[in-house]
Amino acid sequence: MSKRQLFIFSISLVLPITLLALKPEGKLKVANIFAPVLLYPVKTITGYLQFLDITNQRIEDLERKIEILKLKNTKLGENLQLQRDDLEVTSFQLVKSQIIGRDPSNINGFLAINKGSRHGLNVDQAVICSDGLVGRIKYTGDNESLVETVENNAFSVSALDARTNVHGMVKRFKKLQFEYIRINDEIFINDTVVTSGMSDIFPSGIVIGYVRDIEMKSDLFFKCIYLEPAARVNRLYYVYVITNNPDDRKMNQP
Amino acid sequence: MRFVLYLALFYLFLPFNRYIDLIAIVIFFIFWHENNWIGLLYALFVGFLIDLYNPSRLGLNILIFLVLGQVIIYVRDFIVQNLPTTIALFSAFFLSRVIVISLLSVTNFHIWSIVITFLAFIPIYLGLHKIVYRQWMKT
C-alpha cells in the first residue's frame with residue numbers, strides 16, 4: 001500500500017468514526033437528509049412489493065367474500081323457492097270490501113259489505129281480514145252482500161291446532177269453542193287454531209283464533225276448549241272476500 | 001457497465017439483506033477483483049447505504065467495509081486466486097463482519113442468515129464472474 005493510498009484510507013476512516021460518534025438524534029438527522037435520495041430506488045421497489053402483497057391479500061379477501069356470498073345466495077335462492085311455493089298455496093284472489101252496515105239485533109253476527117255478485121262474490125265464500133277469519137258470505141245481492149261472522153251463534157268451521165295438527169270443529173255457541181278434541185290430545189293455552197281446508201268454503205291455514213281456556217267436562221271423551229277470535233269483528237272497517245279457493249285448484253291438479 | 005451492475009445489485013439486494021447478506025458477497029467480489037479506488041468508493045457507498053437503512057448504527061458498516069476491504073485488497077497480492085482461497089477469504093471476511101457487527105451493535109447472531117449466505121456465496125460469486133468476465137473463474 002502506497003503512502004497516498006494510506007492517506008486516503010485514513011481520511012476515509014474519519015467519516016464512519018464521526019458518524020459513529022454522533023448522538024442518536026444526530027444520526028437520525030443525517031439519515032433524514034440522505035435517505036430520501038439514496039434509498040429512493042429501494043423504497044420504490046419495496047413499495048411496489050408491498051402494493052403487490054396488499055393487492056394479493058385484497059384479492060384473497062374478495063375471493064373469500066365471493067364464496068361466502070355465493071353460499072348465501074344459494075341459501076336465499078332456496079328460501080325464495082320455498083316462499084314461492086308458499087305463495088302459490090296462499091295465492092288468494094281477494095276482493096276488498098267496505099263494511100256498510102251491521103245487524104242491529106246481532107251487531108257482530110252479520111256484516112253488510114259493499115260488494116256483490118257483480119264483483120264476483122258468491123254465497124259461501126270466505127271473508128278474512130289482516131288478523132284472520134271473519135266469516136263467510138251468507139247472501140249476495142248485485143252490489144252488496146251479507147257476511148255471517150265467527151261471532152254469530154251456530155257459526156262452524158273445520159279447524160286444526162297449528163302446533164299439533166289436532167283436528168276438530170270450531171263452533172260458536174255463546175262462546176267460540178274448539179270441539180271434538182279428545183281429552184288426551186295436547187292442546188295448550190295460546191295455541192293457534194287455523195282452518196283445516198276440509199270444507200269447500202274455507203281454504204286451509206287461515207287463523208280462526210287462539211286457545212284461551214280449557215275445561216275438562218263430565219264427558220269421558222272430549223274436553224271443552226274456548227277460543228278468542230283472531231279477528232275483532234266490532235273494530236273492522238274493511239274485509240277481504242276470497243273469490244277462489246286455492247285448495248280446490250290444487251286438488252284438481254293431476 | 002459493470003459498475004452500474006454493482007449498483008443495481010446493491011439496490012436489489014438491500015431490502016433482503018436482513019435475511020441473506022448478498023451485499024457482502026457483491027462487495028467481496030469488488031474488493032477481490034477491482035482496483036483499490038473502486039473498492040474504497042464502493043465500501044463507502046454501500047456501507048453508507050446499509051447504515052441509512054438502519055440509522056441507529058450509522059457509520060458502522062462503512063467502517064467495517066473500509067477496514068475489511070483494505071485488508072482484502074492488501075492480502076490479494078500475496079494469494080493465488082482460485083476457488084478454495086476465494087471461499088476461505090470470503091469466510092474470514094464475512095465472519096469478521098458478523099462478529100464485529102454483533103460486538104459493536106450488541107445484536108445476536110442470526111445463524112440461519114449466516115448459513116444461507118454461505119450457501120449462496122459460490123453460485124452468486126460464479127454467476128457474477130461469468131457476467132463480468134465472461135468466464136466462471138479466473139485461471
Which of the residues spanning the stretch B:22-38 are open to solvent by 10 Å² or more (accessible area, probe 1.4 Å) and touching a residue at least 60 places away in the same chain (Cβ under 8 Å)?
B:22, B:33
Of the residues in the stretch A:190-214 that are over 28 Å from the mean Cα position of the chain (by Cα) and at pLDDT 85 or above, the one that is nearest to residue A:99 (Cα to Cα) is A:213
Does the stretch B:18-36 contain at least one residue that is facing chain A (nearest Cβ under 8 Å) and over 23 Å from residue B:119 (Cβ atoms)?
yes
Restricting to the stretch A:7-18, count the residues that are at the interface with another protein chain (Cβ under 9 Å from one of its Cβ atoms) and either open to solvent by 80 Å² or more (accessible area, probe 1.4 Å) or touching a Lys or Arg at 6+ places or on another chain (Cβ under 7 Å) (or both).
2
Tell me, please, whether a residue that is closer than 19 Å to residue B:137 by Cβ and within 14 Å of the chain's Cα centre (by Cα) can be found in the stretch B:43-64.
no
So, in the stretch A:20-41, how many residues would count as being within 14 Å of residue B:105 (Cα to Cα) and buried (at least 16 other Cβ atoms within 10 Å of the Cβ)?
1
Could you say whether any residue in the stretch B:2-13 is in contact with a Gly (Cβ under 7 Å, 6 or more places away or on another chain), crowded, with 20+ Cβ neighbours inside 10 Å and at pLDDT below 90?
no
Would you confirm, using the coordinates I've provided, whether residue B:14 is free of Cβ contacts under 8 Å to residues at least 24 places away in the same chain, facing another protein chain (nearest Cβ under 8 Å) and either over 24 Å from residue A:5 (Cα atoms) or among the charged types (D, E, K, R) (or both)?
no
Of all residues in the stretch A:90-102 being of a type outside the set (A, V, I, L, M) and open to solvent by 50 Å² or more (accessible area, probe 1.4 Å), the one that is modelled with the highest pLDDT
A:98
Exclusive hit being assigned to a helix (DSSP H, G or I) and at pLDDT 85 or above, set A:87, A:15, A:82, A:111:
A:15
Exactly one of A:37, A:30 is under 21 Å from residue B:11 (Cβ atoms) and at the interface with chain B (Cβ under 7 Å from one of its Cβ atoms), and that one is A:30
Tell me, which helices (runs of 4 or more DSSP H) lie completely within the stretch B:39-139 with 3 or more residues that are in contact (Cβ under 8 Å) with a residue 60 or more places away in the chain?
B:83-105, B:111-133
Among the residues of the stretch A:101-135, write down those that are of a type in the set (S, T, N, Q) and closer than 16 Å to residue A:154 by Cβ.
A:105, A:106, A:108
Pairs with Cβ under 8 Å, 6+ apart, first in the stretch A:187-203 and in contact (Cβ under 8 Å) with a residue 40 or more places away in the chain and closer than 20 Å to residue A:93 by Cβ, second open to solvent by 20 Å² or more (accessible area, probe 1.4 Å) and of a type in the set (Phe, Trp, Tyr)
A:203/A:92
Residues to consider are A:143, A:153, A:184, A:165; find the one that is open to solvent by 50 Å² or more (accessible area, probe 1.4 Å) and within 16 Å of residue A:240 (Cα to Cα).
A:143
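The values are calculated or read from the model by the stated rules, or taken from the named source; none is laboratory data. Worth saying up front: this structure is predicted, and the values here are computed from it rather than measured. Ideal geometry is used to build each Cβ from the backbone, glycine not excepted, and the neighbour counts take in all protein chains shown. SASA here: full protein model, heavy atoms, side chains in, ligands and nucleic acids out. Shrake-Rupley method; radii C 1.70, N 1.55, O 1.52, S 1.80 Å.
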